[in-house]
Structure formats: structure tokens, C-alpha cells
Amino acid sequence: MPEVYRDRGIIKWAPFDSLVGYHSMLQEMKHRLKKRAKPILSDDDLDTLNRNVQNAYENHLEIECLYYKKGYLITTYATIERLDFVYRRITLSTKETIPAEDILNITLPNDS
């Protein structure tokens, strides 16, 4: 009588998880693969960004801010607390300080 095949399921992958540092190495590789180069904004994009910053700051509007940090695009929601023209950075209500050259997009509540 032939033997019935039984799949070992997840057990067959257990040795790979038991290797020291294998799982953390895979996580780090996945993290590094998501890195990208900083996008370059056109003059029109910079003009729109400038108008949105001024409007949000003057009217205390909550914004969606997309910025670049160490190879990754980060989105945050906050209001603009302070515009620092000397050091060219923006401080948000979440206490994040973002350099102006790293900001890629600011979306106002009525924009979609």
C-alpha cells in the first residue's frame, strides 16, 4: 500500500528562522529596498508649495505634509507652528522640525 503524503506546512521553514540574525537581516533588506532618491521639484511645484505654506500658516490650517528624510518619504498631519526663515525650516504642532528643502508637498484641507 502506498504511503500517504503529509505536508509539513510551516515546519519545513523552521530551520531558516532558527539561523541567528536571519530574520533581522531579511527585515533590514526589505527596509533598505524601500529607499529612494530625493525627488526634484519643478518651479511650479515650488510656487504651489510656497503658497500652501503661507496659506496654512496664516489661517492655522491642519495640513498633510510629505517630506523626505534619509531616503524615505514621510507623511505627517499637523499645523504649522513656526516658520524659521534664517535656518530655512518649519516647525509643526507635532514638534517636528523639517528643513524647507526636504518638504515635497503640503496639502491643505480643501485640496484633494
For region 43-107, the Kirkwood Rh over every pair of distinct alpha carbons, in Å, works out to 11.7 Å
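What does the net charge come to around Arg88 if you take all other residues with beta carbon closer than 14 Å to its beta carbon, with K and R at +1 and D and E at -1? All intermediate terms of the calculation are to be shown ahead of the outcome.
Working: positive: Arg82, Arg89; negative: Asp84, Glu101, Asp102.
Cβ neighbours under 14 Å give a net charge of -1.
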Taking a straight Cα-to-Cα line shorter than 18 Å from Lys34, and setting aside same-chain aspartates and glutamates fewer than 8 residues away, one finds Asp102
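Each reported figure results from applying straightforward, stated rules to the coordinates on display, with no laboratory input. Predicted model only: the values in this text are computed from it and were never measured. Every residue, glycine among them, receives a Cβ derived from its backbone with ideal geometry; neighbour counts consider all protein chains shown.
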